[in-house]
1. Among Gly182, Gly200, which is within 18 Å of Glu99 (Cβ to Cβ) and not assigned by TED's automatic domain parsing to the domain that holds Glu115?
2. Can you tell me which residues in region 130-147 are over 23 Å from Leu84 (Cβ atoms) and buried (at least 18 other Cβ atoms within 10 Å of the Cβ)?
3. Quick one: which residue in Ala56, Ala85, Ala90 is surrounded by fewer than 19 Cβ atoms within 10 Å (Cβ to Cβ) and modelled with pLDDT of 95 or more?
4. Can you find a residue that is more than 17 Å from Pro41 (Cα to Cα), hydrophobic (A, V, I, L, M, F, W, C) and either in contact (Cβ under 8 Å) with a residue 60 or more places away in the chain or surrounded by 13 or more Cβ atoms within 10 Å (Cβ to Cβ) (or both) anywhere in region 117-127?
5. Out of all the residues in region 1-51, which are farther than 20 Å from Tyr123 by Cβ, of a type in the set (Asp, Glu), assigned by TED's automatic domain parsing to the domain that holds Leu103 and assigned to a loop (DSSP other than H, G, I, E, B)?
6. In the set Leu51, Leu20, Leu68, which member is modelled with pLDDT of 95 or more, of a type in the set (A, V, I, L, M) and under 26 Å from Gln176 (Cβ atoms)?
7. All but one of (1) surrounded by fewer than 16 Cβ atoms within 10 Å (Cβ to Cβ); (2) β-branched (Val, Ile, Thr); (3) over 27 Å from Asp21 (Cβ atoms) hold for Val171; which doesn't?
8. Listed residues Thr74, Thr80; which is among the polar types (S, T, N, Q), surrounded by fewer than 19 Cβ atoms within 10 Å (Cβ to Cβ), under 12 Å from Ile105 (Cα atoms) and in the same structural domain as Glu115 (by TED's automatic domain parsing)?
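The values are calculated or read from the model by the stated rules, or taken from the named source; none is laboratory data. The shown structure was predicted, so the numbers you read here are calculated from the model rather than taken from an experiment. Neighbour counts run over all protein chains shown; Cβ positions are idealised from the backbone, glycine included.
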Amino acid sequence: MTESTVPVIETGAGNVHIVLDASAPEEWARDIVVNAKVQRPSVCNAVETVLVLRAAAERLIPTVTAALQEQGVTVHGDDTVGSLASDVVAATEEDWATEYLSLDIAMKVVDSLDEALAHIRRYSTGHTESIVTTDTRNAERFLAEVDSAVVMANASTRFTDGAEFGFGAEVGISTQKLHARGPMGLSELTSTKWLARGAGQVRG
């Protein structure tokens with residue numbers, strides 16, 4: 001990637017985010033975050049940072065944090081997360097940019113969806129982001145404004161996968177825009193050659 005003089009496909013890092021909106025159902029928030037972190041933590045579609053809207057912080061953080069910790073996850077949280085849950089490691093600026101690939105997760109409270117989107121724009125690697133919400137307007141805004149290869153509403157980020165998308169064997173996940181983006185199967189690594197057999201046709 002560093003030395004190439006032609007465009008290359010980058011199968012890249014996954015600093016993946018999940019946003020827990022003010023309307024996020026507690027069960028969805030818990031199950032989606034735990035699955036996205038724990039089901040296979042060493043892969044690029046595992047969640048690394050959870051952003052919780054302040055309006056839902058007291059309701060969701062104790063439950064989600066406890067569920068993660070029950071699975072052996074170390075939660076790196078900001079001051080608000082630390083005040084609402086026990087055994088939280090104080091997060092540093094470095095945590096927001098870290099792809100842990102382990103049973104570690106960063107958690108931050110944000111004041112608004114605007115702040116969540118700004119955080120994602122700053123720290124995301126463009127792989128996968130998800131929002132948990134029952135607010136259709138917020139879901140559609142998130143899907144429209146987040147510039148990542150895969151953007152989800154109310155689903156685990158672990159679904160970002162070539163086989164899950166129906167592409168057969170996955171050969172990588174592209175976080176860029178030229179030419180393949182997102183999960184890639186064999187077709188994304190092939191070029192096209194068009195064969196035409198005529199019988200004297202001319203173009204008018």
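1. Working: Gly200 fails: within 18 Å of Glu99 (Cβ to Cβ).
Testing whether each residue is within 18 Å of Glu99 (Cβ to Cβ) and not assigned by TED's automatic domain parsing to the domain that holds Glu115 leaves just Gly182.
2. Taking region 130-147 and keeping what is over 23 Å from Leu84 (Cβ atoms), we get 136-137, 139-147.
Residues satisfying the conditions are Ala139, Phe142, Val146.
3. Working: Ala56 fails: surrounded by fewer than 19 Cβ atoms within 10 Å (Cβ to Cβ); Ala85 fails: surrounded by fewer than 19 Cβ atoms within 10 Å (Cβ to Cβ).
Unique residue meeting the criteria: Ala90.
4. Checked against the condition, which is being more than 17 Å from Pro41 (Cα to Cα), hydrophobic (A, V, I, L, M, F, W, C) and either in contact (Cβ under 8 Å) with a residue 60 or more places away in the chain or surrounded by 13 or more Cβ atoms within 10 Å (Cβ to Cβ) (or both), region 117-127 yields at least one hit.
5. Scanning region 1-51 gives no hits.
6. Sole residue among the options that is modelled with pLDDT of 95 or more, of a type in the set (A, V, I, L, M) and under 26 Å from Gln176 (Cβ atoms): Leu51.
7. The one condition Val171 does not meet is (1).
8. On the way: Thr80 fails: under 12 Å from Ile105 (Cα atoms).
Within the list Thr74, Thr80, the selection yields Thr74.
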